Amino acid sequence: MCGIVGLFAKSKAIEAGLGAHLSNMLIEMTERGPDSAGVAVYRRPASPGGVKLTVLAPAASYAWDELKKALIEQVSQQVEMEIHGNHAVLILHADAAGIYDWFAAHFPELHINSSGVSIEIYKDKGLPENVLNRFEVKQFTGTHALGHSRMATESNVTIQHSHPFSTGQDLCLVHNGSLSNHNRLREKLQKQGIIFRTDNDSEVAAGYLMHRMWQGDSLDEALESALENLDGFFTFAIGTRDGFAVLRDPVACKPAIMAETAEWVAMASEYRAIAVLPGADSAECWEPAPAKIYSWSH
Amino acid sequence: MLGTGAGEDLQLESLMTPHCIDLEATSVRDLNQALHELNGTQEKSDWQITNPKGRHAVAVGIDAPLNVNIDGHTGYYCGGMNKHATITINGNAGPGVAENMMSGLVRIRGNASQYAGATAHGGLLVIEGNASSRCGISMKGVDIVVRGSVGHMGAFMAQAGRLVICGDAADGLGDSLYEARIYVRGKVAGLGADCIEKPMGAEHRRELSGLLAKAGMTGLDVAQFRRYGSARKLYNFNIDNVDAY
């Protein structure tokens, strides 16, 4: 069992309180996933030509200054860096494609949680409330965000096993469910050049979507083929640069509810995560149908 | 025995005034404990519950003819195991509403999520909006009346009772059905294994008419409904039926 939440702002007031609203939603999902938590927040887009990375270090005491120095010398003359414990958000002016290789060669202990223009991914072990406080998510403004609370059922509890998983530039995935064909699919994708860091099934779903989009699929096309090729139970929420999408498997055992007002669109595993939003009492609520892609964008 | 004087007034007043429980101030556990203390009695008091906000297991395990009104949307298993009580949800219900109900009435003014009325043995479940997937899964004698439509796998493995759908039914209706009867007014996207359409006789029109009246559904013509039931081919495993599983 896991909890997933998503919030898409339709007004400036919700954008201003996005982090606080998303935090309230995710804390409601604590009982569904007390092992670890994570959020993807879309905010403060990098200026044209800039690439934004969220980088995860093995410990909060990491020597971030050395990374910054090396980046300035070898990658980008301009480097903006904001440190949040064991995470750092970087804005570089460089070719996004080469950055992963550079990190792998020079700072292999660092993991790139996300890359894009506006996405930032924060995740850690522990109760959602503690993880959210660690990164001061309640202070964040932004246009839209996803969150995940994890109750591990098939693999270890580590930061790397936590959601959201990056699936490409400004793209990420959170998953509630379990996949049964992930081992074979992981082997196939590895042969295609997709790198996996864990034995987690959801990371395979993320890798699968990434692979499809590298092949030229649109997000909707990639999700359509996920229905064919992912065997198991899932409710997915997928963050994109401009919004988010929701997809449930054809059997649709894993719960999901969506709600909309003039101010926001929200999705969650349960209504109680939506009940904390302003105006929830009068929101239009519905359950997403199985095997149907729902998406919102700004 | 009633007391006298001021005591009598007080007792009379408490009989007339509903118990008001705000779930922002009282825990679900305390609410359910207060309801369970009346189990086995003939108490008919009114209970007004506010701010459910998707909380789980609101008003489960009642065994008394109470009248419970819930204002707002409920989470998992609201009204589960109900016996004798009348429970009204003025909102939407989360997964497993009225699961394993034994008797009484659960009415949902909005929509119901997955597996509404699962394994319920008796009573009446009324859903004034739509029901999601697996409505009436393994029902064992409950009557379910849905004013709107139901999602996929309605009445899956349903053993006894009646499921009335005034709107449409999604795919896989009545899969592996035993002896429950299904009435559908709208379109059926597809029948599950061993579920077939059966003729509507006068006794079925009478039965349906009674169910609609009991559920308070008016303005519906029983002639617009079709009846579905079990072909009784899957009761025992037969290798010739393997394709149907």
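Within a 10 angstrom radius of the beta carbon, how do B:Leu191, A:Leu26 rank from fewest other beta carbons to most?
B:Leu191, A:Leu26
Mind checking the mean number of beta-carbon atoms from other chains within 10 Å of the Cβ atoms in B:125-132?
1
Are any of the pairs A:Lys10/A:Lys68; B:Lys187/B:Lys233; B:Lys53/B:Lys140 more than 28 Å apart by Cα-Cα distance, and if so, which?
Pairs exceeding 28 Å: A:Lys10/A:Lys68; B:Lys53/B:Lys140.
In a solvent-free Debye calculation with one equal scatterer on each Cα, what is log10 I(q)/I(0) for chain A at q = 0.11 Å⁻¹, listed in the order of the q values?
Each listed q corresponds, in turn, to -0.60.
Can you give the helix-only mean residue ellipticity at 222 nm for chain A, where every DSSP H stretch with n ≥ 4 adds -39500 (n - 2.57) and the sum goes over all residues, rounded to the nearest 500 deg cm²/dmol?
Mean residue ellipticity at 222 nm (helix-derived): -8000 deg cm²/dmol.
Which value at 222 nm does chain B reach when only helices count, each DSSP H run of 4 or more adding -39,500 (n - 2.57), with the total divided by all residues and rounded to the nearest 500 deg cm²/dmol?
-4500 deg cm²/dmol
Other chains' Cβ within 10 Å of A:280-290 residues: what's the mean?
Taking the mean over all residues of the peptide, I get 4.
Can you give me the three principal axis dimensions of the protein assembly as shown from its C-alpha atoms, in Å, biggest first?
For the protein assembly as shown, the Cα spread along each principal axis is 86, 74, 38 Å.
Using the 10 angstrom Cβ neighbour count as an exposure proxy, how do A:Ser155, A:Ser114 rank, fewest first?
Sorted ascending by nearby Cβ count, the order is A:Ser155, A:Ser114.
List the relative contact order of chain B as a percent without decimals, with contacts defined as Cα pairs under 8 Å and 6+ residues apart.
9 percent
So what is the relative contact order of chain A, in percent, for Cα pairs below 8 Å that sit 6 or more residues apart?
25 percent
Within straight cross-link reach of A:Lys12, meaning Cα distance under 14 Å, which aspartates and glutamates are found once same-chain residues fewer than 8 apart are removed?
Candidates past the 8-residue exclusion: A:Glu263.
Over 24 Å apart: what share of the alpha carbon pairs of region B:17-244 falls there, rounded to a whole percent?
Summing the P(r) of region B:17-244 above 24 Å gives 41 percent of all pairs.
Please give, to one decimal in nm, the separation of the simple spin-label points placed at B:Lys187 and A:Met151, each 7 Å out from Cα toward the Cβ.
3.8 nm
Enter the mean number of other protein chain beta carbons within 10 Å of the beta carbon of each residue in A:266-277, as an integer.
Across A:266-277, the average partner-chain Cβ count within 10 Å equals 4.
Determine the alpha carbon to alpha carbon distance for each of A:Lys52/A:Lys125; A:Lys254/B:Lys198; B:Lys44/B:Lys214 and list only those over 28 Å.
Going by Cα-Cα distance, A:Lys254/B:Lys198 fall outside the 28 Å limit.
According to a simple spin-label model (label point 7 Å from Cα along Cα-to-Cβ), what is the distance in nm between A:Trp214 and A:Gln192?
0.8 nm
Evaluate Rg over Rh across region A:46-117, taking Cα atoms for both radii and Kirkwood's formula for Rh.
0.91
What is the Cα centroid distance between region B:37-72 and region A:158-224, reported in whole angstrom?
45 Å
Can you tell me the order of B:195-201, A:48-54 when each peptide is scored by its average per-residue count of other Cβ atoms within 10 angstrom, highest first?
A:48-54, B:195-201
Arrange A:His148, B:His36, A:His211 by Cβ neighbour counts within 10 Å, fewest through most, would you?
B:His36, A:His211, A:His148
Rule-based calculations on the coordinates, nothing more; no lab input. From a predicted model like this one, the values you see are computed outputs, not experimental measurements. A quick note on method: Cβ atoms are made from the backbone with ideal geometry, for glycine too, and the neighbour counts reach across all protein chains shown.
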